[in-house]
Each structure stands twice: as C-alpha cells, then as structure tokens.
Amino acid sequence: MIFIKKIFRKIRNLGGRHGSPEGLVILMYHRINDNLPAHNLVTRTKAFAEQMRFLCWHANVCRVISLKEFETGHPAIFGQEPKTKIIITFDDGYRDNYLNAFPVLKKFGFPATVFLTTGLIGTDQKFNRYADLPGRDMLDWTEVAKMYAHKIAFGAHTASHPHLPRFSYQTQREEIAESRACVNKNLPPGERLDTFCYPYGEYNADTLKIVQELGFRYALSVIPGVNKPETPLFELRRIEVSGFDTIKNFEYKLLEKYR
Ligand SMILES: [Zn+2]
C-alpha cells in the first residue's frame, strides 16, 4: 500500500512540476546491450527497462504512441491530451533490439519502430565499430517478423548506411529506394512506409528531393528537439537517449531540456 501511495505521489509531483508541455518527443536509441562498453549508442537493458517503466507510470503526462498513429493523426494529434507524446525509435537494426529491448517493450505493451540498414539484415556483416563482436550482430527477417507481430514497426534506413550527402543523386536514390523496397517485400502486403530515417542524420537538397519523390511523407533527423505542428516534416527532431543517462536525465530530456 505504501508502495502504491509512493507511486501516486511521484506521478502527481511530476505532473505538477512539468504539466504536459505540448510536443512530440521522438526518442532515438541504437543498441540495448549489456556486453558492450558504456557508450552514447549503447543503453543497458536494466536502464532501458527503467526508462520504459517511467513512461508507463507517467502515461498521464507523456503518452507513448506508434509512428503510424502519428502519421495518420498528424497534425491533429498535437492537440490531444496529454500534450506530450512519445515515439520510441531504434536505428540500424541490431539483433540486441530483439534480444533485449523487445521483451521489455512487450511487457509494457509499447509500440516502437526500428529503422533497418537493409543490406545487413539477415547477414553476418557488422558495422565497423562492432566488427570484433562474435556471432551475428544484426536482426534477421525471422526476428523482424516476430517483433512485427507485437507492435514493432520497421522502416527504411538505406541499404548500406552511407553518408548520403557525399554521394550523387543517383547513388542516394538507389540506396534509399532499395531499402524501401526491401522492407516492403519482407513485411505483410499493404504495409506503407511513410517515414524515412537518415543515416547519421545527414541529408542534402538531393536527399530531401529523393525521399519525397519516393513517396515518403516524413523523415527523421538527429537534430535534437521536440516536434511541434510547424516542425518541417522531413526534418523531424529526435532526442537521443544515451547509455550514460540516469533516469533523472531521461526525465529532464523528455520534459524540460528542449522546451
Ligand atoms: Zn544509423
């Protein structure tokens, strides 16, 4: 009973202190992993679970929505209560998203979206910085299907994760179109990919043109911030959750830092 009272006091305090400021917070994760050294891109499973528990307890202040809910509800979704909406995203398509993040997301019933570097999915190839890790490091399509069956959506993040602005219009187009086609081919028919995610958050005028030509309606950058109705649709802001964030930091980033 005391425990429950404590939780309610915590929720009330949080609501009172911050209210629910208007805005869409798109959280950016990469890896949920307990074997790699601490890093911006690597969050421990325990810390991730604590962050998800925070979102669950404070659902009256910040509500987790799916990317699809945003895509189909934009821009009216901004006016709905609570004012702060949260979308959970993972970049690249690491296998630890399935092994470590997925059980936690399932437990809390939270939707999330994973942006796949499609050329690496189902292969033994690794990102250079993780070349020494033993075994397969990226998701395969069986794992993707299992996650897809439980509220996890998938998006395109190019075929080979290039620094897009360094390449010609044609090469950029091939990279983006190929990853879009690959995700579409591997997901149930009818799945629409409306949102693209730029590798390294990098894009130029060609990239912006291509994503629109290919039919995307939104794209995610790594510009830190909270999205408002007027935020450019192909430069949506994200907030990176670092492996060094304490739960206090997490709360601060979510509700105060970028307001
Ligand atoms: Zn990436």
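Values quoted throughout were computed directly from the atomic coordinates according to the rules given, and no laboratory measurement underlies them. Keep in mind it's a predicted model, so treat the numbers as computed, not measured. When we count neighbours, we look across all protein chains shown, and the Cβ atoms used for this are built from the backbone with ideal geometry, even at glycine.
Taking the longest Cα principal axis of the chain as reference, the axis of helix 45-57 is set at about 60 degrees.
Shown is the FRET efficiency for ASN204 and SER160, computed with R0 = 25 Å from the Cβ-Cβ distance and rounded to the nearest 0.05: 0.90.
Using only the alpha-carbon atoms, how far is helix 169-186 inclined from the longest principal axis of the chain? Give it as 0 to 90 degrees, nearest 10. Approximately 70 degrees, to the nearest 10. Would region 142-239 count as rounded, prolate or oblate if I go by the C-alpha gyration tensor, calling it rounded below 1.5 in a/c and otherwise prolate when a/b exceeds b/c, oblate otherwise? Cα axes put region 142-239 in the oblate bin. Can you give the angle from 0 to 90° between the axis of helix 2-18 and the longest principal axis of the chain, with both taken from C-alpha atoms, to the nearest 10? Roughly 70 degrees, rounded to the nearest 10.
When region 24-257 is described by a simple charge dipole with +1 on each Lys and Arg Cβ and -1 on each Asp and Glu Cβ, the residue from LEU27, ALA76, LEU99 located farthest towards its positive end is ALA76. Each Lys and Arg adds +1 at its Cβ and each Asp and Glu adds -1 at its Cβ; summed about the Cα centre, region 24-257 shows a dipole of about 560 debye. Think of each Lys and Arg Cβ as +1 and each Asp and Glu Cβ as -1; about the Cα centre, that makes the dipole of region 178-259 roughly 200 debye. Each part reduced to its alpha carbon centroid, region 158-176 and region 93-123 end up 24 Å apart.
Partners of LYS83 within straight-line reach, counting aspartates and glutamates whose Cα lies under 13 Å from its Cα and excluding those fewer than 8 residues away in the same chain: GLU22. Projecting the Cα atoms of TYR169, ALA159, PHE54 onto the charge dipole of region 24-257 (Cβ charges, centred on the Cα centre) puts PHE54 farthest toward the positive pole. As a length-normalised measure over Cα pairs under 8 Å and 6 or more apart, the relative contact order of region 24-257 settles at 23 percent.
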